[in-house]
Amino acid sequence: VADSRMIRNQYDYLRRLDVDELERLLQLAVNPQCDEEDSDYVDALLEVILEKEQEEDTGRLSDVDEKWQEFQRHYNTEEGKGQHMYYTEETDTPDQIQAATSNITTFPKRRLRRTLMVAAIIVLLVSMTLVPVMRHKNVIQLFAQWTEEQFSFGLENPWEIDSLPEEYQDMYFSLKKCGIETIYIPQYIPDGFVLQNYSLYTSPKTGESSFAVMYQKGAEFIIFQLEQNDGKTGVIKEKDSTIVETYNINGIKHYVLSNNNNNTIAWHIDELRYALSSSLPISQLKLIINSMY
Amino acid sequence: LKLKRSCAYLFTVICLIALLIPVTSAAESASDQIMSWGIDVTFGDGTIDVEFGITGNGTMNKLGCESIYVYKKNGTEWDDYTYRTEYNTGMSVYNHFTYANMIEIPCNDSAEYKVVVTVFAEDDEARDSRTDVFYL
């Protein structure tokens, strides 16, 4: 009793505050870590608010009769008999209490979760800053290499092969100098298409070659490209917003790109990157690629 | 507490969405003229070496490198240093479907440079181009 009186005196100053201020203090005081002293403070706050509300009803407190009726209607029902709304030490076994309270978030868990969230946000923000630094157009390009508008291999892959017509000979000998003797070339070109032009460029800087050959039939074209690449300088393939599809031939993943009215299938084998582009439909390009293996 | 948590979730979602938005606001689109392209700029022996390649969607009226603008660092500013256009030797070709070349631009190795390179392809319908910026 003496303690309770002392506490009352300690928080007497609260009576001079109005209900709004008391509510604000109450919001600040509600803390999951609160110790006994905080709990006395919260009790005192609640007590003063209750007193003030009884003196002058502002409608903040619920109507007791109404709430009692609500309880009778919703909770004190036949199926609820023998059960209780809250776990108590008197009515529940220690196991039940343990099981029920294990789901309650404790402060250390909350702090861990908050720390993880802050760490995740920091990682995301750092990733965002890395995007322009690494000359990617967005974060996805950090991992994959195509966007809605463009496609490019990030790093090089596997390869092999045989045979070659005249237009491929310069390219073959250029690659042979680099120790590459096996390449894949189209064995089938659709009827009516004739060789239009071809080009071999060897970088004076890196010594790497890039080769392109074009076959034409009226306004239709087929371009086959083959290039060495160290993976540092990527060749970008233009593409529209159509989703990149992939399919496997010979265990090699081929990427199908659409660029407005034209199509490209790109793939790579070891340090060689291949691309077949055309105004023809994808099905025709697949036939040409099938002939290469 | 609920409000704080909601704000944290909202902030996280905004961050995730922001990651998916391209950093370069002016995203390039597919092209009727350009099929593929690539540019690389490095220091050579007393030169800035600009290597480019471009392939058109079929034979183009003209294609190659439209321009190379080189800026030299002066304090915090970039001063005009030199430039090349598509009319300079080795920059572009007519009536071809592909073109690649390396252009050497004399420079002073000890300086810092910004190089803006644009490649292009042009047919009867239109000209399309792509630009990349390099810092050396």
Inset, instruction - Just give me the residues in region B:90-116 being more than 23 Å from B:Gly58 (Cα to Cα) and not small (Gly, Ala, Ser), in sequence order. - result: B:Ile103, B:Glu104, B:Ile105, B:Pro106, B:Cys107, B:Asn108, B:Asp109, B:Glu112, B:Tyr113, B:Lys114, B:Val115, B:Val116
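Picking from A:Leu276, A:Leu257, A:Leu272, which residue would you name as being closer than 24 Å to A:Gln196 by Cβ, away from chain B (no Cβ under 14 Å) and crowded, with 22+ Cβ neighbours inside 10 Å? So that I can check it myself, show each step before the final result.
Details: A:Leu276 fails: away from chain B (no Cβ under 14 Å); A:Leu257 fails: away from chain B (no Cβ under 14 Å).
Sole residue among the options that is closer than 24 Å to A:Gln196 by Cβ, away from chain B (no Cβ under 14 Å) and crowded, with 22+ Cβ neighbours inside 10 Å: A:Leu272.
Quick one: in region A:128-139, of everything that is more than 7 Å from chain B (Cβ to nearest Cβ) and not in a loop (DSSP other than H, G, I, E, B), which residue is modelled with the lowest pLDDT? Break it down stepwise before answering.
Step one: of region A:128-139, the residues more than 7 Å from chain B (Cβ to nearest Cβ) are A:129-130, A:133-136.
Now drop any that are not not in a loop (DSSP other than H, G, I, E, B), which leaves A:129-130, A:133.
Values: A:Thr129: 68, A:Leu130: 65, A:Val133: 54.
Once the filter is applied, the top-ranked residue is A:Val133.
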Inset, instruction - Return only the number of the condition from (1) modelled with pLDDT of 90 or more; (2) among the hydrophobic types (A, V, I, L, M, F, W, C); (3) closer than 18 Å to B:Gly38 by Cβ that A:Val194 does not satisfy. - result: (3)
Legend entry - When residues of region A:189-205 are limited to those that are in a loop (DSSP other than H, G, I, E, B) and without any contact (Cβ under 8 Å) to a residue 60 or more places away in the chain, the one surrounded by the most Cβ atoms within 10 Å (Cβ to Cβ): A:Ser203
Inset, instruction - Out of B:Ala121, B:Ala30, report the one residue that is at pLDDT 95 or above and within 12 Å of chain A (Cβ to nearest Cβ). - result: B:Ala121
Inset, instruction - Determine, yes or no, whether B:Glu66 is at pLDDT 95 or above and under 15 Å from the mean Cα position of the chain (by Cα). - result: yes
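Find the strands (runs of 3 or more DSSP E) located wholly in region B:54-136 whose residues include 2 or more that are hydrophobic (A, V, I, L, M, F, W, C) and farther than 19 Å from A:Lys237 by Cβ, and list them. Lay out the reasoning, then the answer.
On the way: elements: B:77-85, B:92-106, B:113-122, B:127-135.
The qualifying strands (runs of 3 or more DSSP E) are B:92-106, B:113-122, B:127-135.
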Inset, instruction - Evaluate the following for A:Tyr168: is it modelled with pLDDT of 80 or more, assigned to a helix (DSSP H, G or I), away from every other protein chain (no Cβ under 14 Å) and surrounded by 13 or more Cβ atoms within 10 Å (Cβ to Cβ)? - result: yes
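Kindly state which strands (runs of 3 or more DSSP E) lie completely within region A:207-291 and contain at least 1 residues that are within 22 Å of B:Ser29 (Cβ to Cβ) and touching a strand residue (DSSP E or B) at 6+ places or on another chain (Cβ under 8 Å). Break it down stepwise before answering.
On the way: elements: A:209-217, A:220-228, A:236-238, A:245-249, A:252-259, A:262-269, A:272-278.
Passing ranges, in order: A:220-228, A:236-238, A:245-249, A:252-259, A:262-269, A:272-278.
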Inset, instruction - Starting from residues that are closer than 18 Å to A:Leu17 by Cα, modelled with pLDDT of 80 or more and charged (D, E, K, R), keep the ones in region A:46-74 and report whichever is surrounded by the most Cβ atoms within 10 Å (Cβ to Cβ). - result: A:Lys52
Legend entry - region A:214-237, residues that are among the β-branched types (Val, Ile, Thr) and more than 9 Å from every other protein chain (Cβ to nearest Cβ): A:Ile222
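Under the condition of being without any contact (Cβ under 8 Å) to a residue 40 or more places away in the chain and out of contact with any Leu (no Cβ under 9 Å at 6 or more places or on another chain), which residue from region A:231-253 is surrounded by the most Cβ atoms within 10 Å (Cβ to Cβ)? Even if it seems obvious, please write down each step before you answer.
First, pick out the residues of region A:231-253 that are without any contact (Cβ under 8 Å) to a residue 40 or more places away in the chain: A:232-233, A:242-243, A:245-248, A:251, A:253.
Next cut, out of contact with any Leu (no Cβ under 9 Å at 6 or more places or on another chain) only: A:232-233, A:243, A:246-248, A:251, A:253.
Numbers: A:Lys232: 9, A:Thr233: 17, A:Ile243: 10, A:Thr246: 10, A:Tyr247: 14, A:Asn248: 9, A:Gly251: 7, A:Lys253: 12.
Filtering first and then ranking leaves A:Thr233.
The values are calculated or read from the model by the stated rules, or taken from the named source; none is laboratory data. Given the structure is predicted, the values throughout are model-derived calculations rather than measurements. So basically every Cβ, Gly included, is an ideal-geometry build from the backbone, and we count neighbours across all protein chains shown.
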